[in-house]
1. Output wanted: per-residue J couplings in Hz (rounded whole) for region A:537-552, from phi through Karplus 6.51 cos²θ - 1.76 cosθ + 1.60, θ = phi - 60°, x for Gly and Pro.
2. Measure nothing fancy, just the Cα-based angle from helix A:715-731's long axis to the longest principal axis of chain A, in degrees from 0 to 90, nearest 10.
3. Which order do the peptides A:479-487, A:35-43, A:586-594 take when ranked by the mean count of other beta-carbon atoms within 10 Å per residue, highest first?
4. Computed from the mean reciprocal separation of all distinct C-alpha pairs, what Kirkwood hydrodynamic radius does region A:543-678 have, in Å?
5. Students often forget the sequence filter, so: which lysines lie under 18 Å Cα-Cα from A:Lys681 once same-chain residues fewer than 8 apart are removed?
6. I want to make sure I understand the PRE zone here: with the label point 7 angstrom from the Cα of A:Thr365 toward its beta carbon, which residues in region A:278-315 have backbone N atoms less than 18 Å away?
7. Mind giving me the nanometre distance, one decimal, between the label points for A:Thr154 and B:Lys3, set 7 Å out from Cα along Cα→Cβ?
8. Please compute one quarter of the surface area of the Cα convex hull for region A:228-387 and express it in square nanometres.
Amino acid sequence: MSTTQMKEDVNELGLFFQYGKRFQKEVTGREIEKDPSPRAKKIRDLYFETSSSVSMEFPYWYTRRWFELEGEIPIIRRAEALNAAFSHLTPAIFPGELLVMGKTHHLRGSYPMPWLSESYFMNKEDEMYNEALEAGKLSSDMVTKWGIGGGNVTESMGNIISIAGKFGLRREELPILIRTAKMWKNRSVEDIGHKYEQMVPEYKEKEAIMRSVICMFDSGYTLPQGREVINYYYPLKYGIEGIIEYCKKKINEVAGYPDMNRLYFYHAVIIAVKGIKTWISNHAEESKRLMEKEKDHQQKMEYAEISEILEWISSKPPRTFHEALQLSWIFHLAVLNEDCISGMSPGRLGQILYPWWKRDMDNGTLTRERTMELLECMRMKFTELDCFASMGVVGGVLSGNTFNNLCIGGLNKDGQSATNELEMLILESAITCATPQPTLSILYDEKLPEDILMKGVECTKIGTGYPAWVNNQTATEFIMNNYQSEGMKLEEGRAWSIGGCLETSAGTWMPIELNGNQHWMPGGAGAATSVGVHFIGLPKVLELVLFDGIDQRTGEQIFPPHNCRLETYEEVLDTFKKYFRETVKVLCLCNNIQHDVWRKITPPVINSLLKPDCLVKGKDIGQMGSRYNTTFNVEVCGGVNLINSLSSIKKNVYEKKNFTLGELKDAILHNFGYRHADEVKSYSLMEQKKGQDVKKWASIHKLCLNAPKYGNDIPYVDKIFENWESWFCTMCHDYKSLYDKPLYACQISVSTHGPMGAVTLATADGRLAGTTFADASMSAYPGTDKNGPYALFNSATCWNHSDSQNSQLNMKIHPSAVKGREGARKLLELIRGYMRRGGFHVQFNIVDSRMLRDAQDNPDEYRGLMVRVAGFTQYWVELGKPIQDEIIARTEYEEIG
Amino acid sequence: MQKLHIDCEEYLVIDVFKGFCSTKKMIVLADEEGCEDFKQAKKCRICKHFTPTEEYLGVCMGKATAYPDLLARTCNDFEWKGK
């Protein structure tokens, strides 16, 4: 691209935000549009009109039963509480549904779990809230901005109270919410964990780190499980009664023998599963009740079928594809109801359910059309999921998403392509019924057949951001490196899948006999990942290096003064590493305590019964019952801004001596003469407003913006990047998890680049204060990648991606660049180009940025518009403005050749 | 006492604002007056084991905290007040 070609699009900072020549004068829509079945359309239309709703039914019954059992063994108490809650959930079946049941009786329901964290629910004046504020736990809430549209209940109205600008709660349930929350004061994982984490010698520093939002949030009481792959094997093979019988048999073997925790675990599983059984039976009865009064013949028959299916699977293993899908969904829900969870991924669902589907198709009891209806209904069920957590977590991190990642492709046990015809239909249903959940990932391998890859490209071209393209070979290498110390062999390494948005997770193959054949069913075999150290804002750490450990936003001394004059680039880098190490150490220690309290107070019963080898060992996940337990990690955010800033400091301050470090600090403190993002309500560099004395810092700002930038295949900056990756991926191993396993690197942003950018001053790369960081971890900073996609790929792959659990690359491509079959081929070649360089992950927003700008101005006209944020797709109208601005600003590729 | 949609047995909750009337087959608002076919849903407030203590709170069976608007269809101990 030449400067003249894009002259009209260059903003005053000299940034382009586009690559390639713009061919289209008019705003271009998405090329491929297909419609869902009338049934799914009706359900989706209802969803569009539905608000996120909170109810107290589950927490009420859980809490009531818990407090009745004072003195009981914790895991039994926990199971009894879960049993009471599941048994009392009011059943709800909505007309037209083929797959039924939800987290609560609301279509888009969720509820608080005060046994994990209760302080959030207190009034601001309440003593507990103030204590929490003092501890720094709520700081991230204050810098999180919510989307204003869609299903978010952004304001209280009438009898509805808005919680965190997202969830609606009926006024009549507020007193019981407060009463219940108070019952958990000093008993919740949050409070007990807080009591003991204070015993870590460096705890005061941890508090300061949280207050300055160097770290986004705690781990043990926020989202203690998730970012993992579920395993449906036991319910599908044995059914509910079979699981109960298995546990009874095990109790006979272990009762009275050493390692008595096994006895309590098996008993707890029986109690919890009986609660799930009652929950299913209550829905079967409700369906029968609806059937009896229904006059419409087709609906009557459907209620009858649902009732019969639920009645059967409430005790026995599934007989059909429909039953297998329904039972899988129920256990997925059951786990989500057990804990506050994001990113519980179904994994390779098409490979799991294939034997039932094939049998039904072969014997003529199932058609392709019916399969599509069922899969579209499944998409709606996953889309209806909400996760209730604090605003800082749900808004600032998750953007309201729940990250259920369904994976396609990869290799089977024998190293051959694992894909099948059902996976083609899963992709097709994601095209016809485009919804945020479940998001899809293609586990790319050279052995995958062309038809599945082209179907994946077709799906990518609908513009909803899925499937993500993930490198099977790179991931398998990471998995083997990470888990061979726990006994993993290559055959099993191939069973990996994506947990959450992009967390590479260990899997296994479990044998199941159907149709007279033995099948090897893939499923998760590891504990939760993305637990441990959550999201360290790297540019913020560098900011504290420049200002001797003081957060200029709050004036607080966060790290001890380094008292170093920073006379060389190496001194800057070494001090950065020192502060970063201190941060990881204290967060790791404190979060280990939180997770220890979590496993003692709220041991995972339902997720454990599903996850190999908990049932075999008689140990829950918290007791390392999972086959693989090296799952804690260190998450970082803003890496590309860190690298670009280091590049600028190295070049401008120490090599060219264009300005001194003192002058740079002065410019940063004055935001290069620009007004703060919060003042102008714009959060990217696309639209910022100058202050009165901008000229004073204009030349420094220009030099910062012109310093070598990541994403252009420039060896100068790529070397800094490579060195950082090499150091970071190695240093994580120096810290141990609760389970005495080394931590590893995790490099995804989710939505944290919004709120973490909000608390960070201007940076040495020319980014302005309060604006978002670059998204993901391999994406270039918007407007700075000027040499085309393959230059970006070369920069991104200058290090070995299998050293990290993940890396993440988002690209925004104009629809005209991938138009038609030729465009599809080009896109596949682009994907291959990245995968063959060893890139771990790439995904695309196929969209005209001008459409996004219009959607920002006219949200009511774009209720169904979806975009890829980080490892997830979300409705545009449900995103906060900082993330919207960042997506609009991402460099738009008009050409990809 | 008002007979609101939200208190009707045939009210299928969609969200905190509205629900589906399974008799009339239409979406209705939770806080609007119910129709002539109104049938009281089982809720703690009309259970004989429930004793109100303060606004929106009470006691179940003389011991456990409860709240009047809790749905009680799945409660084995539910008994209609006055019956």
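Readers should treat all values here as calculations from the given coordinates under stated rules, not as data from a laboratory. As the structure is a computational prediction, the values presented were derived from the model and not from experiment. Here the Cβ is made from the backbone with ideal geometry for all residues, glycine too, and neighbour counts use every protein chain on show.
1. Once θ is set to phi - 60°, the couplings for region A:537-552 become x, 4, x, 5, 5, 4, 4, 5, 5, 5, 10, 6, x, 9, 7, 5 Hz.
2. 40 degrees
3. Details: A:479-487: 16.6, A:35-43: 18.2, A:586-594: 23.8.
Going by the mean number of other Cβ atoms within 10 Å, highest first, we get A:586-594, A:35-43, A:479-487.
4. On the way: mean 1/r = 0.0537 Å⁻¹.
18.6 Å is the Kirkwood radius here.
5. A:Lys145, A:Lys689, A:Lys690, A:Lys881
6. Under 18 Å, as judged by backbone N against the label point of A:Thr365, lie A:302-315 of region A:278-315.
7. Taking the two extended label points, one gets 3.9 nm.
8. It is 11.1 nm².
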